[in-house]
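The values are calculated or read from the model by the stated rules, or taken from the named source; none is laboratory data. Just so it is clear, the structure is predicted and the values come from calculations on it, not from any experiment. Cβ coordinates were reconstructed from backbone atoms using ideal geometry, including for glycine residues, and neighbour counts include every protein chain displayed. Note: accessible area is taken over every heavy atom of the protein model, side chains too, but ligands, DNA and RNA are not part of it. Shrake-Rupley method; radii C 1.70, N 1.55, O 1.52, S 1.80 Å.
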Amino acid sequence: MLLSDVEVIDRIFAHIDAKSTDHGNEVWREPVENYSSQKRFDNEIKLLRRLPVPFCPSGALPEYGSYLTRTAAGRSILAVRGEDGVVRAFFNVCRHRGMAVAEGEGCVKSFVCPYHAWTYALDGTLKRIPGHEGFPGVNKEDHSLTPVQVEEKGGLVFVTQEDPVSGGALDHMPDLLAADQKVFDKSEFTDDANWKLVGETSMEGYHIKALHRESFYPYGYNNLNVIEKFGLNSRVVFPFRRIEKLRDKARDSWRLDGMITDVYQLFPNSHLTVLSSHSLLIILEPVSPLRTRYEIFRIGNQGVSIEKSLKDAGFVKDTGLQEDRDAAISMTQGLGSGVNKFMTFGQYEEGAIHFHRNLDRLLKKI
Ligand code: FES
Ligand SMILES: [Fe+2]
């Protein structure tokens with residue numbers, strides 16, 4: 001169970017008064033080689049395929065027949081909501097000669113492979129082989145799309161591509177999004193940055209004043225966070241200065257809405273950032289040790305119009321996120337210099353330490 005709104009606010013006020021923050025009690029040294037080594041990268045991809053990782057928000061598949069394809073841990077995956085309302089996912093590979101059976105996103109009644117029109121139902125079964133008399137001995141039953149494991153939980157769709165390792169992000173996962181939260185934008189871009197260097201930028205608030213001097217710092221605090229761990233995941237709360245207004249209000253009316261930015265780290269490569277009017281699900285797809293593709297879903301918050309969400313989305317898109325992107329690119333360029341043997345994480349960077357500790361432990365299991 002995560003802290004209640006009132007518990008978080010109590011803790012924030014205590015930190016404002018004491019000029020303190022939540023923190024851990026150790027310093028962690030992560031070898032620089034773990035960011036640049038191809039062998040380590042290959043193992044991380046193996047692990048990503050064996051964990052339940054967020055594929056998209058449930059709101060990206062709103063209707064029967066809604067589908068979405070994207071590359072996850074190096075493989076094209078197709079997720080679709082069936083006529084029974086259940087989300088299923090498959091490798092996006094035709095069982096005839098391997099072409100992708102769907103592209104992008106949309107809403108369909110069946111999937112028709114663009115190459116020779118083999119046709120699959122929403123549950124992946126092969127329905128039609130044009131000119132089937134030319135395939136004697138080829139059974140339709142043996143040529144369904146190859147499924148991957150799916151779980152829909154708390155407004156997110158998780159996929160596990162193969163042979164699950166026990167203890168993934170789904171253990172202890174609270175419901176983070178409501179069923180009616182709509183996806184209003186999807187974007188992707190690729191940066192020359194290691195995926196962990198990108199992810200780490202969202203795991204601590206120790207850099208707010210230095211890196212986000214003009215963007216976030218005028219509205220927030222430097223190095224003042226509530227940090228909670230849940231399973232392999234963590235939550236980092238970044239309060240806005242306007243939270244002070246609550247001190248004059250009745251305690252039982254205290255709500256966090258509009259007073260904080262909530263960042264939920266969904267182990268290992270996603271985070272859900274809940275802003276005042278909308279939320280961002282950011283999935284970091286490792287492309288190579290030095291390249292990462294961002295897959296970003298913008299989701300409306302409950303009770304906020306899409307127009308307001310869109311207006312606020314522009315600000316975040318152009319400022320704070322860019323500063324974090326540039327930091328990750330710069331650190332990636334520094335990897336090869338040989339100057340540092342370790343990345344040093346202090347007690348204020350407890351969220352990042354939790355991530356590395358768990359990643360290390362799980363990599364040993366595969
Ligand atoms: S490759 Fe799909 S129908 Fe031929
Ligand atoms: Fe940042």
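In table form, for the structure just shown:
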{"read-out": "Accessible-area value, V198, 1.4 Å probe, nucleic acids and ligands omitted, Å²", "value": "10 Å²"}
{"read-out": "Positive-end residue of I366, Y264, G338, charge dipole of segment 249-366 with Cβ unit charges", "value": "I366"}
{"read-out": "For the chain, cysteines whose Cβ has no other cysteine Cβ within reach (under 4.7 Å)", "value": "C56, C107"}
{"read-out": "For segment 229-293, with +1 on Lys and Arg beta carbons and -1 on Asp and Glu, the positive-most of F238, T273, I283 along the dipole", "value": "F238"}
{"read-out": "Environment charge at H207 (Cβ cut-off 13 Å; Lys +1, Arg +1, Asp -1, Glu -1)", "value": "-4"}
{"read-out": "Qualifying aspartates and glutamates (Cα of each under 15 Å from Cα of K39; at least 8 residues distant if same chain)", "value": "D360"}
{"read-out": "Candidates R293, R128, R325: whichever shows maximal mean-square fluctuation once the chain is modelled as a Gaussian network with Cα springs under 10 Å", "value": "R128"}
{"read-out": "Qualifying trypsin sites (Lys or Arg not before Pro) in segment 146-220, DSSP loop, other Cβ atoms within 10 Å at most 16", "value": "K182, R213"}
{"read-out": "3J(HN,Hα) from dihedral phi, segment 163-177, Karplus parametrisation 6.51/-1.76/1.60, rounded to Hz, x for glycine, proline", "value": "5, x, 8, 5, x, x, 5, 6, 5, 6, 7, x, 6, 9, 10"}
{"read-out": "Value of Rg/Rh across segment 34-102 [Cα atoms, Kirkwood radius]", "value": "1.07"}
{"read-out": "Positive-end extreme of charge dipole, the chain - chosen from N34, A18, G205 (charges on Cβ)", "value": "N34"}
{"read-out": "Mean-position separation - Cα centroids, segment 89-107 and segment 195-210, in angstrom", "value": "36 Å"}
{"read-out": "Rg over Rh, two decimals, segment 79-195 (C-alpha only, Kirkwood Rh)", "value": "1.03"}
{"read-out": "Accessible area per residue, Å², the chain with all protein chains present, probe 1.4 Å", "value": "46 Å²"}
{"read-out": "Mean shadow area of segment 1-156 over all directions, Cα convex hull, nm²", "value": "14.7 nm²"}
{"read-out": "Simple Cβ-charge dipole of the chain, Lys/Arg +1 and Asp/Glu -1, about Cα centre, in debye nearest 20", "value": "440 debye"}
{"read-out": "³J(HN,Hα) computed for each position of segment 94-105 - Karplus, 6.51 cos²θ - 1.76 cosθ + 1.60, integer Hz, glycine/proline x", "value": "4, 7, 7, 9, x, 6, 5, 7, 9, 10, x, 8"}
{"read-out": "Value of Rg/Rh across segment 64-124 [Cα atoms, Kirkwood radius]", "value": "0.93"}
{"read-out": "Overall Cα dimensions of segment 151-252, principal axis frame, Å, largest first", "value": "51, 42, 30"}
{"read-out": "Hz values of 3J(HN,Hα) by residue in segment 121-135 - Karplus curve (6.51, -1.76, 1.60), Gly and Pro given as x", "value": "6, 5, 8, x, 6, 7, 9, 8, 10, x, x, 4, 5, x, 10"}
{"read-out": "Burial ranking of peptide ranges 49-58, 168-177 (average Cβ count within 10 Å, highest at the top)", "value": "49-58, 168-177"}
{"read-out": "Segment 174-299 - charge dipole about Cα centre, Lys and Arg +1 at Cβ, Asp and Glu -1, debye rounded to 20", "value": "400 debye"}
{"read-out": "Flagged links, alpha-carbon separation over 29 Å, of K153/K364; K245/K311; K140/K365; K196/K308; K109/K186; K19/K249", "value": "K140/K365; K196/K308"}
{"read-out": "Directionally averaged shadow of segment 275-366, computed from the convex hull of its alpha-carbon atoms, nm²", "value": "8.4 nm²"}
{"read-out": "Accessible surface of the chain [probe 1.4 Å, protein heavy atoms]: carbon and sulfur percent", "value": "50 percent"}
{"read-out": "Only Lys, Arg (+1) and Asp, Glu (-1) charged, at Cβ; segment 241-366 dipole about Cα centre in debye", "value": "220 debye"}
{"read-out": "Sequence-distant residues sharing a close amide H with R128 (under 5 Å, placed H)", "value": "T119"}
{"read-out": "Radius 13 Å from Cβ of P31, net charge of other residues (Lys, Arg +1; Asp, Glu -1)", "value": "+2"}
{"read-out": "Fraction in percent of alpha-carbon pairs per bin - 20 Å, the chain", "value": "28, 55, 16, 2"}
